[in-house]
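Encoded as structure tokens, the structure appears first; notes follow it.
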Amino acid sequence: MQQAQSLSFGLETIDRVWTSPALRARQTATVLGLDAIPDVGLRECDYGDWRGQSLAELHERDANSLALWMTDTSVAPHGGEALSAVMKRVAEWMGNHIEDAGHIVVVTHASVIRAAVLQALQAPPAAFWAVDVEPFGIVEMTSDGRRWQLRFPKMTI
């Protein structure tokens, strides 16, 4: 949570805040001093039987299923949610909020952020694993009411 506290200084004018319903996302929003609205559209991918395991552990235990999952977004060998379903859910959420005005903050998970970046870039599902999302990272997006764009703000040194 110390990492989350260090982020709060960069958040200036905020009109609305949404968060994943997951406890860790809601706690992060609270540490940032944000009054967030939980939204199921922003929930983490359901990893089913793989929940809580690292990719290294999965590779050791079931390399073939892991390889299939990482190359075909329509499968869910873990019994949870396919990545294509996550991407569809996030695309729907973004479509519902494309005309929202003001500064919006979303506190969510790596899988949701990856899906949002792909949606903004209109990138193919196969690009999902090409997006590296660090914990407590910030991705800035803007909308003109018709499309989403990634924004890379200048850094002050």
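The values are calculated or read from the model by the stated rules, or taken from the named source; none is laboratory data. Not measured: the values here are computed from a predicted model. Here Cβ is always computed from backbone atoms with ideal geometry, including for glycine, and neighbour counts include all displayed protein chains.
Would you kindly identify the strands (runs of 3 or more DSSP E) lying entirely within the stretch 37-153 that contain at least 1 residues that are in the same structural domain as residue 22 (by TED's automatic domain parsing) and closer than 20 Å to residue 25 by Cβ?
Details: elements: 104-107, 140-143, 148-151.
Here the list reads 104-107, 140-143.
Residues in the stretch 33-56 that are at pLDDT below 95 and of a type in the set (Asp, Glu): 35 alone. For residue 151, the test of being surrounded by fewer than 18 Cβ atoms within 10 Å (Cβ to Cβ) and at pLDDT 90 or above is failed. Looking across the stretch 1-32 at every residue that is surrounded by 11 or more Cβ atoms within 10 Å (Cβ to Cβ) and part of a loop (DSSP other than H, G, I, E, B), the one that is modelled with the lowest pLDDT is identified as 1.
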